[in-house]
Amino acid sequence: MTQPTPADAGPSRGFLAEIKDAVTTRAALLVLGVLALQLAFITSYVGAFHHPRPSGIPFAVAAPAARVAERSAQQLDTLPGTPLDARAAKDEAAAMDWILNREVDGALVVAPSGTTDKLLVASGAGASLSQAVAEIVVAAEKAGGRTVRIVDVAPSAAGDGRGLSSFYVVVGWCVGGYLCAAILAISAGARPANMHRAVIRLGALLVYAIVAGLLGTLIAGPVLGALPGSILGLWGLGTLVVFAVGAITLAFQGLAGVVGIGLAILLVVVLGNPSAGGAYPYPLLPPFWKAIGPWLPPGAGTYAARSIAYFKGNDLTGPLLVLSGWAVLGSAVTVACAVFHQDRTGAAAGGGRPDGPEDPGLSGSTATPPGR
């Protein structure tokens, strides 16, 4: 028969006393942190999506005469609310190049005769953006007694509803990145015990990123037919996205322990996803989300995926530098935190075993000999 523990013996101390024993201060603080994260999630998503308004959409105007193009661009540039950032192009070919190079999101080609002009859009950059451009220009042309014929020069694939597949595959890669890092923390301690363990974790993350990048590309591309473009290009992008997000999560865990998982979710999910330009590309987002989106992994990944799928890989340098920067920063902070943790625990033990009680190591052993 099991002997009663001291806590089981004697009369109950009361419900409030039991609550104090059952709910620690640390647990209460973590629950409050979850509540704050939840409220931030609601605020960020509703704030970004509740009232999309076009602002400063890069736009080109081409006309038979340069003065006509400049005059038309100025008229569009001064529309109420400044929805367009219009500039004159040399000719239709130049305007087309600007669209395919992702310098502008649409172009008006003024007809040399008649009253029907041509509007070039690119739904591959996001259906909501091309629709917004069409609505603005059609209304402006109608006010001037003219009509437009809309031509989609970079259409989204038949299986890519509203051009959202690039966004969703990047979101999936991001989820895999921080969940992989979180699992490493749960199974082997939030903070690596030493530099070698940190490098092993980063290596395991890289292997996972390579596999996840390939499988995500194959599912979105050949399997579902939702995302065209270079398989190698998307595979490389997926690998970089997964590794960057995972490295960030490992870095946050090195800095803040298990709380670092929440910080990674705050950065990638709460701030990154609504500002990624998925449902509403950057020119339709409020200023805050429009400003941060290109600098966060979901935004950089979504923009790069659309470039690979629909724009022949043009304008990739910026997004790839952003993702690479996060990957390098996350890796460096992860290793630095491991070195600091090793030095601190080693000093506390008087030069003994460097493994702290918080991280039993990748093997799960609680008694790893020195030097292992």
At q = 0.14, 0.21 1/Å the base-10 log of I(q)/I(0) from the Debye formula over the alpha-carbon atoms of the stretch 57-152 is -0.41, -1.00
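Taking each pair of distinct Cα atoms in the stretch 42-99 once, what is the resulting Kirkwood hydrodynamic radius in Å? Let's see the in-between values first.
Values: mean 1/r = 0.0786 Å⁻¹.
Taking the inverse mean of 1/r over all distinct Cα pairs, the stretch 42-99 comes out at 12.7 Å.
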Highest mean packing first, using Cβ neighbours within 10 angstrom, the peptides 204-217, 28-41, 131-144 sort as 204-217, 131-144, 28-41
Taking a crude spin-label model, label points 7 Å out from Cα along the C-beta direction, the ALA111 to ASP315 distance in nm is 2.9
Relative contact order as a percentage, the stretch 57-152, C-alpha pairs under 8 Å and 6+ apart, gives 27
Share (percent) of C-alpha pair distances in the chain greater than 29 Å works out to 54
With only helices counted (DSSP H, runs n ≥ 4, each -39500 (n - 2.57)), the per-residue ellipticity at 222 nm for the chain, to the nearest 500, works out to -18500 deg cm²/dmol
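Over the chain, what is the mean sequence separation of C-alpha contacts under 8 Å (at least six apart), divided by residue count, expressed as relative contact order in percent? Present the calculation step by step, with values, prior to reporting the outcome.
Numbers: 645 pairs, mean separation 66.4, N = 372.
Taking the mean separation of contacting Cα pairs over the length of the chain, I get 18 percent.
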Given the candidates MET96, GLY144, ALA66, the one whose Cα lies deepest towards the positive end of the charge dipole of the stretch 57-152, counting +1 at each Lys or Arg C-beta and -1 at each Asp or Glu C-beta, is GLY144
Between the modelled labels at ARG53 and VAL339 (7 Å from Cα along Cα→Cβ) the distance in nm is 4.9
Taking a straight Cα-to-Cα line shorter than 18 Å from LYS90, and setting aside same-chain lysines fewer than 8 residues away, one finds LYS118
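Order these by the 10 Å Cβ neighbour count, fewest first: THR317, THR249. Provide the component values of the computation, followed by the final result.
Working: THR317 9, THR249 28.
Least to most surrounded, the residues fall as THR317, THR249.
Applying 1/(1 + (r/R0)^6) with R0 = 45 Å to the Cβ-Cβ distance of ILE231 and ILE292, what FRET efficiency is obtained, to the nearest 0.05?
Values: r = 30 Å, r/R0 = 0.68.
Once the sixth-power term is evaluated, E becomes 0.90.
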For the pair ARG162 and PHE15, the simple spin-label estimate (label points 7 Å beyond Cα toward Cβ) gives in nm 4.7
Rounded to the nearest 10, the angle in degrees between the Cα long axis of helix 127-143 and the longest principal axis of the Cα atoms of the chain comes to 30
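Dividing the convex hull volume of the alpha carbon atoms of the stretch 190-265 by its residue count, what do you get in Å³ per residue?
Working: hull volume 6.3 nm³, N = 76.
That works out to 83 Å³ per residue.
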Taking Cα atoms only, helix 317-348 is inclined relative to the longest principal axis of the chain by an angle, in degrees rounded to 10, of 10
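Would you mind getting me the FRET efficiency between LEU35 and VAL211? Use the beta-carbon distance for r and R0 = 51 Å, nearest 0.05. List each step's numbers first, then the result.
Details: r = 35 Å, r/R0 = 0.69.
Computed FRET efficiency for LEU35 and VAL211: 0.90.
List the equivalent ellipsoid semi-axes of the stretch 93-196 in whole Å, largest first, each obtained as the square root of 5λ for an eigenvalue λ of the Cα gyration tensor. Walk me through the numbers on the way to the answer.
Numbers: eigenvalues 440, 34, 24 Å².
In descending order the semi-axes read 47, 13, 11 Å.
On a full-extension model of 0.36 nm per residue, what is the gain between ALA66 and THR147, subtracting their alpha-carbon distance, rounded to one decimal in nm? Walk me through the numbers before you get to the answer.
Details: separation 81, 0.36 × 81 = 29.16 nm, distance 2.06 nm.
Length difference between fully extended and current span is 27.1 nm.
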Cα extents of the stretch 164-348 along the principal axes, largest first, in whole Å, come to 56, 36, 25
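Where a number appears in this text, it was derived from the coordinates with a stated rule and is not lab data. This one's a predicted model, so the numbers in the text were calculated from it and none came from an experiment. When we count neighbours, we look across all protein chains shown, and the Cβ atoms used for this are built from the backbone with ideal geometry, even at glycine.
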